[in-house]
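The values are calculated or read from the model by the stated rules, or taken from the named source; none is laboratory data. This is a predicted model, so every value here is computed, not measured. All Cβ positions, glycine included, derive from the backbone under ideal geometry; neighbour counts span all protein chains shown.
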Amino acid sequence: MKIRRFSATAFAAALLIPGLAACNDNGTAGAGASATPAASGSIAPSGTPAGDAKQALLDSTNAIRDGNFRFTMSGAGSTAEGQVHEPSQSAEMRMTIGDPSSDLMMKLDLIHAKPDSWVKLELGGKAAASVPGLKNLNLGKYQHLDQTRIQGNRALGFDFDKVDPAGSAVLTQGVTEVRKTGDGAYAGTVDVSKAAEAGSLDPAVITALGAQAQSVPFTAKVDTQGRLSELVLQIPAAGQNAAQDLKITYSDYGNAAAAQKPPADQVVEAPAEFYNLFN
């Protein structure tokens, strides 16, 4: 098997969430999504009009912009979890792509403490031996990253002006139908073709969906303070991609801890092989 380099796009395709990139969370949609779609659909059981239900979802993402929360994401056999702590300009993300039975398994523990970043990388799987420079990558230590070499890399960088790894504010802007299904619970459809800048879906997946991208089912939950706690996109099968759920959760608003820098004796400078793998 030929092992390809993990560009940001390739990384996104593997994880469905582009490298925990810092995504647009300022409540405005990205390119092609400047207009807020009009909410439609049925009246909620509580008597709340669909328009009010959509506004509740839009408002539920406001607390994310404070940059103090924990999160998880899962989809396509991959998982990610971490915390963002904007007050200390730090964040940590841990993700796993695949498992030992896969052709390639990747585990990453990324730590950002502005202006520095470190990553501990573990590569495994049946074809891991084919990865160029494997012995220089599986070091069991944190590799300090050269910021000039990861600038703009959506798999490795983090922008503390755009703190939401999943871009849920952009996703909710793409909601086309919504209804309240219970206390703090919602369901409806979202046009993911108008939310590509959210970063939660690889653009190749959106393209493969075709017209289906305009009405992807979702469910959402908010906590007792109206803050988004769970968002699940039910991605239909398209092309070579099987149907799957992409699940995003948020918790510990205002209570996330600052990420801890790795001990100096556990740090090495990232080798050229690392940048070749991701660029």
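Here are some residues: Ala258, Ala237, Ala272. Which one is farther than 26 Å from Ala128 by Cα, modelled with pLDDT under 95, more than 18 Å from the chain's Cα centre (by Cα) and not β-branched (Val, Ile, Thr)? Selected residue: Ala237, the only one of Ala258, Ala237, Ala272 that is farther than 26 Å from Ala128 by Cα, modelled with pLDDT under 95, more than 18 Å from the chain's Cα centre (by Cα) and not β-branched (Val, Ile, Thr). Inspect the stretch 121-128 for any residue being in a strand (DSSP E or B), within 21 Å of the chain's Cα centre (by Cα) and buried (at least 18 other Cβ atoms within 10 Å of the Cβ) and give the result as yes or no. Looking for residues that are in a strand (DSSP E or B), within 21 Å of the chain's Cα centre (by Cα) and buried (at least 18 other Cβ atoms within 10 Å of the Cβ), one finds at least one in the stretch 121-128, hence yes. Take the conditions (1) among the small types (Gly, Ala, Ser); (2) touching a Lys or Arg at 6+ places or on another chain (Cβ under 8 Å); (3) not in a strand (DSSP E or B); Ala204 misses just one of them, which is (2).
Can Leu171 be described as at pLDDT below 95, closer than 22 Å to Ser78 by Cα and not polar (S, T, N, Q)?
Working: at pLDDT below 95: yes; closer than 22 Å to Ser78 by Cα: yes; not polar (S, T, N, Q): yes.
So Leu171 passes the test.
Being over 18 Å from the mean Cα position of the chain (by Cα) and among the small types (Gly, Ala, Ser) is the filter; apply it to the stretch 97-116 and report the residue that is surrounded by the fewest Cβ atoms within 10 Å (Cβ to Cβ). This residue is Ser101. Residue pairs whose Cβ atoms lie under 6 Å apart, sitting 6 or more positions apart in sequence or on different chains, and linking a residue in the stretch 166-181 that is among the polar types (S, T, N, Q) to a partner that is surrounded by fewer than 24 Cβ atoms within 10 Å (Cβ to Cβ) and part of a helix (DSSP H, G or I), are Thr172/Leu58.
Across the stretch 221-233, not a single residue is classified as under 19 Å from the mean Cα position of the chain (by Cα) and within 28 Å of Gln147 (Cβ to Cβ).
For the stretch 144-179, filtered to residues that are surrounded by fewer than 24 Cβ atoms within 10 Å (Cβ to Cβ) and within 25 Å of Ala56 (Cα to Cα), the residue that is nearest to the chain's Cα centre (by Cα) is Val163.
The residue that is farthest from Phe69 (Cα to Cα), among those in the stretch 204-255 that are in contact with a helix residue (DSSP H, G or I) (Cβ under 7 Å, 6 or more places away or on another chain) and among the hydroxyl-bearing types (Ser, Thr, Tyr), is Tyr250.
Pairs needed: first member in the stretch 238-260, in contact (Cβ under 8 Å) with a residue 12 or more places away in the chain and on the phi < 0 side of the Ramachandran plot; second member anywhere, among the charged types (D, E, K, R) and part of a strand (DSSP E or B); C-beta distance under 7 Å; at least 6 residues apart or different chains. Listed by first residue and then by second, the contacts come to Thr249/Glu230; Ser251/Arg70; Ala256/Arg70; Ala259/Glu92.
Among strands (runs of 3 or more DSSP E) lying entirely in the stretch 210-279, which contain 1 or more residues that are in contact with a His (Cβ under 7 Å, 6 or more places away or on another chain) and surrounded by 13 or more Cβ atoms within 10 Å (Cβ to Cβ)? Quick ask: steps written out before the conclusion?
Values: elements: 216-222, 228-235, 244-251, 267-269.
Once the strands (runs of 3 or more DSSP E) in the stretch 210-279 are filtered for at least 1 residues that are in contact with a His (Cβ under 7 Å, 6 or more places away or on another chain) and surrounded by 13 or more Cβ atoms within 10 Å (Cβ to Cβ), what remains is 267-269.
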